[in-house]
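The structure appears right after this line, and notes come after that.
The values are calculated or read from the model by the stated rules, or taken from the named source; none is laboratory data. Owing to the predicted nature of the structure, the values given are computational and were not obtained by experimental measurement. We place every Cβ from the backbone using ideal geometry, glycine too, and count neighbours over all the protein chains shown. Calculation scope for accessible area: heavy atoms of the full protein, side chains included, ligands and nucleic acids excluded. Shrake-Rupley method; radii C 1.70, N 1.55, O 1.52, S 1.80 Å.
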Amino acid sequence: MPADALALRITHQAPEPRDPAPPTGHVHVERGDSRAVLLTPTEIEPDRLYPLVTVLHGADEMLVKAVRDEPDRRGAFFLVPRSLLPTWDLIASPERPDLDFLEYAYDLIWRRYPIDPARQALLGYSDGASFALSVGLSNPTLFRAVMAWAAGFIALAPGFDVDAARKPEVLLEYGTHDPVFPFQQIALPMRANLERAGYTVEWRVDQGGKHWPSPDFLREALDWFFALR
């Protein structure tokens, strides 16, 4: 997919009055063959705005289980989409089925639930981390932060003005013994390039870690995001 197709062409909407109220718990979001699960807090206060974290997989499909308790623990919504192909369209397709589905899913969620437009984030693993960084940095008015474990690259649209854009905060974690994205060749340049471009980078190193997230990554990344003001 060309990098100039990374824009999410949507505008945040206030939730519309609905009777009955939108469902809570594990809510399935579907369009065609694209699928996602939205995890909501058990009870939703109508006068409160809630953060929304989108969690993007690498090669595994275990993330709904991994974050199932987080909506009530964090007081937030979690969207867990599944790539239409084995990995995300930025890597696997000349088209943009995953980004088009994200547009659809966000619009649906915003129109039904009280989401805080200033507290939306992306969290990704491996290919999902590269996708999260590329989408998050390319859409800085939508995302407050990006949390990335073992990102291999970032794609930005040609002509994207890094200096003019609002800059989401970034958390990066890598394992020092990752055989897929070697620490010296991938991790350190990724950090340096982001900082050189003016991004604030929260840097985490999993000493001895390989191409698998450390046991504490999810909890610590979410702790970091929910502490941002």
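A straight line joining the Cα centroids of segment 34-74 and segment 210-228 runs 15 Å. Taking 0.36 nm per residue of separation and subtracting the Cα-Cα distance, full extension of the segment from ARG219 to THR176 would add 13.5 nm.
With a probe of 1.4 Å, find how much accessible area segment 29-178 has per residue, and write the answer as a whole number in Å².
Details: 5680 Å² over 150 residues.
Per residue, segment 29-178 has an accessible area of 38 Å².
Taking the average, over residues, of other Cβ atoms within 10 Å as the packing measure, peptides 152-164, 46-58, 7-19 rank 46-58, 152-164, 7-19 from highest down. Taking the charge dipole of segment 118-207 about its Cα centre, with +1 at Lys and Arg Cβ atoms and -1 at Asp and Glu Cβ atoms, the residue from PHE183, PHE131, ALA118 reaching farthest to the positive side is ALA118. Remark: spin-label model distance GLU195-ALA5 equals 3.5 nm, labels positioned 7 Å along the Cα→Cβ axis.
Under a point-charge model restricted to the Cβ atoms of Lys and Arg (+1) and Asp and Glu (-1), what is the dipole moment magnitude of segment 92-164 relative to its Cα centre, in debye to the nearest 20? It would help to have the intermediate numbers written out before the result.
On the way: 5 positive and 9 negative charges, 60 e Å.
Charge dipole of segment 92-164: 300 debye, to the nearest 20.
If the viscosity is 0.890 mPa s and the temperature 25 °C, what translational diffusion coefficient in µm²/s does Stokes-Einstein give for the chain when Rh comes from Kirkwood over Cα pairs?
Here the translational diffusion coefficient equals 138 µm²/s.
Shape verdict for segment 116-173, please, from the Cα gyration tensor: rounded (a/c under 1.5), prolate (a/b greater than b/c) or oblate. Could you put the intermediate results ahead of the total?
On the way: a/c = 2.09, a/b = 1.17, b/c = 1.79.
Taking the square roots of the gyration eigenvalues as a ≥ b ≥ c, segment 116-173 is oblate.
What size of dipole, in debye to the nearest 20, comes out for segment 1-155 about its Cα centre when the only charges are +1 on Lys and Arg C-beta atoms and -1 on Asp and Glu C-beta atoms?
Details: 15 positive and 21 negative charges, 48 e Å.
Dipole about the Cα centre, nearest 20: 240 debye.
The simple spin-label model puts a point 7 Å past each Cα toward its Cβ; for ASP161 and THR141 those points are separated by 1.3 nm. Where a ≥ b ≥ c are the square roots of the eigenvalues of the C-alpha gyration tensor, would you call segment 1-55 rounded, which needs a/c under 1.5, or, failing that, prolate if a/b is larger than b/c, or oblate? Prolate, since a/c reaches 1.5 and a/b exceeds b/c. With all protein chains in place and a 1.4 Å probe, the accessible surface of the chain carries 51 percent carbon and sulfur.
Between the Cα long axis of helix 127-138 and the first principal axis of the chain there is an angle of about 80°, rounded to the nearest 10.
If r is the Cβ-Cβ distance from PHE183 to ASP19 and R0 is 35 Å, what FRET efficiency results, to the nearest 0.05? Before the final figure, lay out each step's value.
Details: r = 54 Å, r/R0 = 1.55.
FRET efficiency, PHE183 to ASP19: 0.05.
Judged by the ratio a/c of the largest to the smallest principal axis of the C-alpha gyration tensor, segment 150-229 counts as oblate, that ratio being 1.5 or greater while a/b is no larger than b/c.
At 0.36 nm per residue, and after removing the present C-alpha to C-alpha distance, how many nm does the segment from ALA118 to HIS12 gain when stretched out fully? All intermediate terms of the calculation are to be shown ahead of the outcome.
Numbers: separation 106, 0.36 × 106 = 38.16 nm, distance 1.02 nm.
Between ALA118 and HIS12, full extension yields 37.1 nm more.
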